[in-house]
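Chemist: Take a look at the following structure, please.
The values are calculated or read from the model by the stated rules, or taken from the named source; none is laboratory data. This structure is a prediction, so every number in the text was calculated from the model and none was measured. Cβ coordinates were reconstructed from backbone atoms using ideal geometry, including for glycine residues, and neighbour counts include every protein chain displayed.
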């Protein structure tokens with residue numbers, strides 16, 4: 001990836017106890033994503049691709065346009081933050097993925113979302 005097309009993605013997950021029903025294997029998580037353009041070229045987020053894996057190895061694949069109904073355009077140094085969610089059948093899982101980006105110069109490139117863990121409190125040490 002060139003220095004002009006460089007996107008940093010950070011994730012902060014949360015367990016949503018009020019919406020979870022452990023007796024029915026329903027564990028609800030939210031996550032806040034911060035996307036920062038650390039390159040030198042403005043870029044727009046086109047699509048998202050997520051892989052969500054629970055502790056049983058069940059994988060949910062999510063593809064779609066934009067994020068939370070938006071296609072943020074980020075100038076160098078700009079950030080975009082949003083919160084979304086996932087429902088798992090286990091108290092622990094992982095998420096990872098990528099965004100397809102388009103620079104103002106017409107270059108398409110991928111911004112990778114580092115793998116992060118979803119877990120209910122006091123599950124992982």
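Chemist: Tell me yes or no: at least one residue of region 113-124 is more than 17 Å from residue 10 (Cα to Cα), in contact with a helix residue (DSSP H, G or I) (Cβ under 9 Å, 6 or more places away or on another chain) and either surrounded by 13 or more Cβ atoms within 10 Å (Cβ to Cβ) or at pLDDT 95 or above (or both).
Modeler: Within region 113-124, one or more residues are more than 17 Å from residue 10 (Cα to Cα), in contact with a helix residue (DSSP H, G or I) (Cβ under 9 Å, 6 or more places away or on another chain) and either surrounded by 13 or more Cβ atoms within 10 Å (Cβ to Cβ) or at pLDDT 95 or above (or both).
Chemist: Filter region 1-25 down to residues that are touching a strand residue (DSSP E or B) at 6+ places or on another chain (Cβ under 9 Å) and within 30 Å of residue 111 (Cα to Cα), then give me how many there are.
Modeler: Qualifying residue count, region 1-25: 15.
Chemist: Just one of (1) in contact with a strand residue (DSSP E or B) (Cβ under 8 Å, 6 or more places away or on another chain); (2) surrounded by fewer than 16 Cβ atoms within 10 Å (Cβ to Cβ); (3) under 14 Å from residue 15 (Cβ atoms) trips up residue 88, so point out which.
Modeler: Residue 88 satisfies all of (1) in contact with a strand residue (DSSP E or B) (Cβ under 8 Å, 6 or more places away or on another chain); (2) surrounded by fewer than 16 Cβ atoms within 10 Å (Cβ to Cβ); (3) under 14 Å from residue 15 (Cβ atoms) except (2).
Chemist: Criterion first (more than 18 Å from the chain's Cα centre (by Cα), on the phi < 0 side of the Ramachandran plot and surrounded by fewer than 16 Cβ atoms within 10 Å (Cβ to Cβ)) does residue 22 satisfy it?
Modeler: Criteria met by residue 22.
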